[in-house]
1. Only one of these is outside any helix (DSSP H, G or I) and surrounded by 14 or more Cβ atoms within 10 Å (Cβ to Cβ): Lys142, Lys103. Name it.
2. Does any residue of segment 55-67 turn out to be crowded, with 16+ Cβ neighbours inside 10 Å and either under 25 Å from Ala247 (Cβ atoms) or basic (Lys, Arg) (or both)?
3. Tell me, which residue of segment 1-47 that is within 13 Å of Trp64 (Cβ to Cβ) and without any contact (Cβ under 8 Å) to a residue 24 or more places away in the chain is nearest to the chain's Cα centre (by Cα)?
4. Working carefully through the options Phe152, Phe89, find the one that is in contact (Cβ under 8 Å) with a residue 60 or more places away in the chain, hydrophobic (A, V, I, L, M, F, W, C) and not in a helix (DSSP H, G or I).
5. For Ile137, work out the one condition from (1) in contact (Cβ under 8 Å) with a residue 40 or more places away in the chain; (2) over 15 Å from Ala214 (Cα atoms); (3) touching a strand residue (DSSP E or B) at 6+ places or on another chain (Cβ under 6 Å); (4) among the β-branched types (Val, Ile, Thr) it doesn't fulfil.
6. Which pairs do you get when a residue that is at negative phi and in contact (Cβ under 8 Å) with a residue 12 or more places away in the chain, found in segment 198-210, comes within reach of a residue that is open to solvent by 10 Å² or more (accessible area, probe 1.4 Å) and basic (Lys, Arg), reach meaning Cβ atoms under 9 angstrom, with the pair 6+ apart or on two chains?
7. Open to solvent by less than 50 Å² (accessible area, probe 1.4 Å) and either at pLDDT below 85 or more than 17 Å from Ser234 (Cα to Cα) (or both), is that true of Ser111?
8. Search segment 1-34 for residues being among the hydrophobic types (A, V, I, L, M, F, W, C), touching a Ser or Thr at 6+ places or on another chain (Cβ under 8 Å) and in a helix (DSSP H, G or I), and hand back the single one that is surrounded by the fewest Cβ atoms within 10 Å (Cβ to Cβ).
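The values are calculated or read from the model by the stated rules, or taken from the named source; none is laboratory data. Everything numeric here is computed off the predicted structure, so don't read it as measured data. Cβ: placed from backbone, ideal geometry, glycine included. Neighbour counts: every protein chain shown. For the accessible areas, the whole protein counts, side chains as well, though only heavy atoms, and no ligand, DNA or RNA atoms are used. Shrake-Rupley method; radii C 1.70, N 1.55, O 1.52, S 1.80 Å.
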Amino acid sequence: MTLQQRVEELTMDYGNNSKKLIGEFVLRKKGRLNEYTIRQIADETFTSKAALVRFAKSLGYGGWKEFVKEFVAEYRYQESHYSDIDPNFPFREDDTTLDIIQKMSSLQVESILDTADLLDPHTIEKAAGLLMKSNRIAVLGKNPNILLGELFQRRMLTIQKSVEVSLLGDAGLLASSLKKEDCAILISYSGNTDTCEPTSLLQILEARRVPTIAITSCGSNMLRRHADYTFSISSRERLYSKISTFATEKSIQFILDILFSACFSLSYEKNLDIKINTGRLLEYGRIATNQDIREMAAEE
């Protein structure tokens, strides 16, 4: 979860108290936040310097200046890496169909390119090695992330590597059945909700010494702190106000595609032979079935 999203979450969790007032001010000023002194902000939010320090500490910072420095740096990074397309509302009511096509394509390309910038080749290689040596691979998460996990499952099956995807309500059972020779891929945008799956399963997985791969948002969170390998989701989407999770889903899918490709590359010729031979067998079966249908139709 980005720092901006954590601030947004803070303003949603509290009523009309100092944290909400400070959070709303931060989200309004964004890249200009460092232009204000702590005294000016306290006056404009009808709070105090101590309240601003407490606000920063609630987000894990030692003080207000440290928080402002990182918040402004994050905002400027996002501004320099993205176009003017709002990922929360990439198209508007008066946009034409052509406008929608152009804006959606730009948004998804941006999401992939930024995700690529966040990927570390060494970590990918390590994670791919873990996946290929594991007896069992489990994907844990919630929809729509599980749907993306099912696509990864299908791709891995083409190189004869089985992946298990948790069904609704059964993620705990699946996690409890894993051993240290297996591994789990946990997909969670926030990565912080210890009362909800899949983050709530970390305790089970750690007790059973199961290696873990996390796919989660940028910034510090529980999942990132506990996973063996972590990949960052690229997204500027708000937690609540948005049309859909277009950029997030594209980023997750791209990470899973990279992991599959890295696994494939570890035994390239072998996996290519498996893929081609399996394709031929399936194609032969399809042709044979179509021939049977044609013969039955001719007899009628």
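1. Details: Lys103 fails: outside any helix (DSSP H, G or I).
Only one candidate passes the filter, namely Lys142.
2. Looking for residues that are crowded, with 16+ Cβ neighbours inside 10 Å and either under 25 Å from Ala247 (Cβ atoms) or basic (Lys, Arg) (or both), one finds at least one in segment 55-67, hence yes.
3. Looking at residues that are within 13 Å of Trp64 (Cβ to Cβ) and without any contact (Cβ under 8 Å) to a residue 24 or more places away in the chain, I get Phe25.
4. Numbers: Phe152 fails: not in a helix (DSSP H, G or I).
After ruling out the rest, the residue left standing is Phe89.
5. Exception for Ile137: condition (2).
6. Pairs that qualify, where the first residue is at negative phi and in contact (Cβ under 8 Å) with a residue 12 or more places away in the chain and the partner is open to solvent by 10 Å² or more (accessible area, probe 1.4 Å) and basic (Lys, Arg), are Pro198/Lys142; Arg208/Lys179; Arg208/Lys180; Val210/Lys179; Val210/Lys180.
7. Details: open to solvent by less than 50 Å² (accessible area, probe 1.4 Å): yes; either at pLDDT below 85 or more than 17 Å from Ser234 (Cα to Cα) (or both): no.
No: the conditions fail for Ser111.
8. Of all residues in segment 1-34, those among the hydrophobic types (A, V, I, L, M, F, W, C) come to 1, 3, 7, 10, 12, 21-22, 25-27, 33.
Filter once more, keeping what is touching a Ser or Thr at 6+ places or on another chain (Cβ under 8 Å): 1, 10, 21-22, 25, 27.
Checking which are in a helix (DSSP H, G or I) leaves us with 10, 21-22, 25, 27.
On the way: Leu10: 19, Leu21: 19, Ile22: 27, Phe25: 20, Leu27: 16.
So, considering only residues that are among the hydrophobic types (A, V, I, L, M, F, W, C), touching a Ser or Thr at 6+ places or on another chain (Cβ under 8 Å) and in a helix (DSSP H, G or I), the one surrounded by the fewest Cβ atoms within 10 Å (Cβ to Cβ) is Leu27.
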